[in-house]
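I have placed the structure first, in the form of structure tokens, so that the comments after it can refer back to it.
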Amino acid sequence: MPDQMLVEPLPAMPGLPFPPGGDTLAVPRHGHAMGALRATLDALGIADAGEMTWKNYETIMRVIEPLIGAGHSLRHFDYTHSAALQPGTVERLRNDYSVRLAYTEWGSPSLPPLLCLGGIANSARRFDYLARTLSRHHHVLCLDWAGRGRSGWLAEQSDYSFEGNVAQVLALIRHKRLGPVTLLGSSLGGSVAMRVAAEAPELVDRLILNDIGPFIPTERRRRRAESVARHYVFRHPAQLFHRTGAAQKNDGPVDDTVLLHNSFHQTRWSEENGGRVYRHDIRALQCYRDGAAQDHDQWDDWQRIGCPVLLVHGMMSDALQDATIARMMDKPRVTVLHVPDVGHTPTLSDPLHIDALRRWIVAPGALPADSVIGWSAGADRLLFR
């Protein structure tokens, strides 16, 4: 099932109440996309995920994807991976080399910049819901890490280092000639964002950390690493839904379109495997696993951060501990937004959550220092159960 489906949207199917690709920027989360999914499943005569074929899956994604990702441009730039970031290569053989990195771009470059950084196995397209809404008032860029999404792969497994991620962010900022940015990071992206804010404070004027703090316990890191550092092949859509549904069981009350969108962009069709596989270089995840044998400690970075910080906390998270949050709140200009019924890294797809982030970016004092935010009503699950 080729991914060029996103370049040539499928014409409207009989029974759809509106055309794919219409103006959806103001549509609430449970509006057009979920309606399109229901109508398409009805038109195909599918009542259960077990009945779906990859051809059906292609049809469904052609219908709902233009309703979610409309408005973005996929861009690339040449990132130079320096010899200093190649610890696994014999020193005399180390040389700078270039890799094409991908990012999505939303909104006018004349608007204030917002740079979004995903987790260890995330695609930049995971931020589509947030980016589409905030692009009315911000120039939003979402980076695919090297070895993930639509970015190129690095030469050696050991090249996939934390320091390399930091270098990629700085390279994108330089490439786009951005002034001070708002950095939003989920999980690994938040850890990298803290390092950038600590080492280059002139480049960061606001910091949003999505369920990540300066400390992650070893047990949690090891468990996550073992889960992602494996090769999965999904030869039937139901297998993909089962795996991603299980992996996202703590994603909170989000509907099927969110889970379909995220799982689609996190995987790709593999002819040689006869199914969909994760859209990343497995060596990047294995390198992360190798480094997960100890606690992740960034308290030194945290002490050097001087800009306002918004911490989004999934209240079922096992990565962001209460003791970590309490210590973070000792620093001035830190705001904590607790999200119930969700685990590590809320999807940031709910309109209520997006609006809260928007208000904080405009005025960091707009939210209470410590508050809880709920969810929009009406999320439906037809496939991911």
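Kindly list the number of the only condition in (1) loosely packed, with under 15 Cβ neighbours inside 10 Å; (2) assigned to a loop (DSSP other than H, G, I, E, B); (3) of a type in the set (A, V, I, L, M) that fails for A84.
Result: A84 passes all but (2).
Check off (1) open to solvent by 10 Å² or more (accessible area, probe 1.4 Å); (2) in contact with a Ser or Thr (Cβ under 7 Å, 6 or more places away or on another chain) for H139 and give me the number that stays unchecked.
(1)
Is there any pair with a first residue in the range 289-317 that is within 19 Å of T218 (Cα to Cα) and free of Cβ contacts under 8 Å to residues at least 24 places away in the same chain and a second that is acidic (D, E) and open to solvent by less than 30 Å² (accessible area, probe 1.4 Å) whose Cβ atoms are under 8 Å apart and which are 6 or more apart or on different chains, and what are they?
none
Restricting attention to the range 3-15, does a residue exist that is touching a Ser or Thr at 6+ places or on another chain (Cβ under 9 Å) and either open to solvent by 60 Å² or more (accessible area, probe 1.4 Å) or at pLDDT 85 or above (or both)?
Yes, because at least one residue in the range 3-15 is touching a Ser or Thr at 6+ places or on another chain (Cβ under 9 Å) and either open to solvent by 60 Å² or more (accessible area, probe 1.4 Å) or at pLDDT 85 or above (or both).
Could you run through the range 208-246 and say how many residues are among the basic types (K, R) and either open to solvent by less than 10 Å² (accessible area, probe 1.4 Å) or not in a helix (DSSP H, G or I) (or both)?
Taking the range 208-246 as the starting set, the residues that turn out to be among the basic types (K, R) are 220-224, 230, 235, 243.
Okay, now just the ones that are also either open to solvent by less than 10 Å² (accessible area, probe 1.4 Å) or not in a helix (DSSP H, G or I) (or both), so 230, 235.
Qualifying residue count for the region: 2.
Return the total of residues in the range 265-289 being in a helix (DSSP H, G or I) and open to solvent by less than 10 Å² (accessible area, probe 1.4 Å). Quick ask: steps written out before the conclusion?
So in the range 265-289, the residues in a helix (DSSP H, G or I) come out as 265-266, 282-289.
Imposing the further condition that a residue be open to solvent by less than 10 Å² (accessible area, probe 1.4 Å) reduces the set to 265, 284-285.
Of the residues in the range 265-289, 3 are in a helix (DSSP H, G or I) and open to solvent by less than 10 Å² (accessible area, probe 1.4 Å).
With respect to F18, determine if the residue is hydrophobic (A, V, I, L, M, F, W, C) and modelled with pLDDT under 95.
Details: hydrophobic (A, V, I, L, M, F, W, C): yes; modelled with pLDDT under 95: yes.
So F18 fits the description; yes.
Residues being under 22 Å from H138 (Cβ atoms), within 17 Å of the chain's Cα centre (by Cα) and open to solvent by 30 Å² or more (accessible area, probe 1.4 Å): count how many of those fall in the range 325-364.
Residues flagged as under 22 Å from H138 (Cβ atoms), within 17 Å of the chain's Cα centre (by Cα) and open to solvent by 30 Å² or more (accessible area, probe 1.4 Å) within the range 325-364 amount to 1.
Do any residues in the range 207-225 that are within 20 Å of M328 (Cβ to Cβ) have Cβ atoms under 8 Å from those of residues that are among the β-branched types (V, I, T) and surrounded by fewer than 20 Cβ atoms within 10 Å (Cβ to Cβ), where the two are at least six apart or on different chains, and which pairs are they?
G213/I325
Go through the range 109-153 and count every residue that is touching a His at 6+ places or on another chain (Cβ under 6 Å) and hydroxyl-bearing (S, T, Y).
Number satisfying all stated conditions: 1.
The values are calculated or read from the model by the stated rules, or taken from the named source; none is laboratory data. Model, not experiment: these values are computed from the prediction. Neighbour counts are summed over all protein chains in view; Cβ atoms, including those assigned to glycine, are modelled from backbone coordinates with ideal geometry. These accessible areas exclude ligands, DNA and RNA; they are computed on the full protein's heavy atoms, side chains included. Shrake-Rupley method; radii C 1.70, N 1.55, O 1.52, S 1.80 Å.
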